[in-house]
1. Placing unit charges on C-beta atoms (Lys and Arg positive, Asp and Glu negative, everything else neutral), compute the dipole magnitude of the chain about its Cα centre in debye, rounded to 20.
2. With the convex hull built on the Cα atoms of the stretch 90-190, state its orientation-averaged projected area in nm².
3. Within the stretch 102-122, name every residue whose backbone N is under 20 Å away from a label modeled 7 Å from Cα of residue 4 along the Cβ vector.
4. Give the aspartates and glutamates reachable from residue 27 as a straight Cα distance under 13 Å; neighbours fewer than 8 places away on the same chain don't count.
5. Counting only helical runs of four or more DSSP H residues, what would the 222 nm mean residue ellipticity of the chain come to if each run contributes -39,500 (n - 2.57) and the total is spread over all its residues?
6. Per residue of the stretch 5-18, in order, report the coupling 6.51 cos²θ - 1.76 cosθ + 1.60 (Karplus, θ = phi - 60°) as ³J(HN,Hα) in whole Hz, putting x for Gly and Pro.
7. Measuring from label point to label point, each 7 Å out along Cα→Cβ, what is the residue 76 to residue 165 span in nm?
8. Work out the length of the dipole vector of the stretch 107-178 about its Cα centre, built from +1 on the beta-carbon of each Lys and Arg and -1 on the beta-carbon of each Asp and Glu, and round it to the nearest 20 debye.
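No lab work stands behind these numbers, since they all come straight from the coordinates. This structure is a prediction, so every number in the text was calculated from the model and none was measured. Note that each Cβ is placed from the backbone with ideal geometry, even for glycine, and that neighbours are counted across all protein chains shown.
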Amino acid sequence: MRGRETLDQVREDLGDCQRCKLAKGRKHIVFGQGPPHAELVFIGEGPGADEDEQGLPFVGRAGKLLNRMLESVGIKREDVYICNVVKCRPPGNRPPEKDEVDACSPFLFRQLDAIEPRLICCLGAPAARTVLGLKEGMLKIRGRFYDYGGAKAMATVHPAYVLRNPREEKILREDFEKIHEFLKQPREKR
Ligand code: SF4
């Protein structure tokens, strides 16, 4: 059964959000992008400069790497939904602070309820902590499947981390192959 709210309703309720201090410095709210009932959802940490400029998630260098990873396992970017834990850019690309995550994450959870994906992939520790409550280091929690309501969720390194540590690209590649394998399985009845 589909969630009662639609993504459009969640967006409408968010409005010209001033619920946390990140509102002050933003150019655009980056709500999310992708099909309203995508099978796969990626969740990053927060918008960067390019995303803030364009109002779209993962359009900068990290986004290009995400696109390349998706392509490498035969998944089209236009088939996945992409969003972030916070929807406004933290100054200087710092990690979002607790009060900001507390203010913004209810909208993320409502987005997930509306989309009802099969698989959620948390990109980086802030997303894994927010969505799955996982506090251990990323290298310990990555690449495993966890339950999230009727869906599965996993965590992997953020593409921006791989840009800073190119030798770690193999981690991302390995986890994207797992995502691809998972989505090849027939959908379980709910
Ligand atoms: S980060 Fe989220 S809660 Fe804070 S102002 Fe932006 S949309 Fe609102």
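1. Numbers: 34 positive and 29 negative charges, 81 e Å.
Result for the chain is approximately 380 debye, rounded to the nearest 20.
2. Working: hull surface 28.7 nm².
For the stretch 90-190, the mean projected area of the Cα convex hull comes to 7.2 nm².
3. Within reach of a label on residue 4: 106-117.
4. 16, 50, 51, 52, 53
5. Numbers: 8 runs with 78 residues, N = 190.
It comes out at -12000 deg cm²/dmol, rounded to the nearest 500.
6. 8, 9, 4, 4, 5, 5, 4, 5, 5, 4, x, 8, 4, 10
7. My value for the distance between the label points is 3.4 nm.
8. Details: 13 positive and 9 negative charges, 40 e Å.
About 200 debye.
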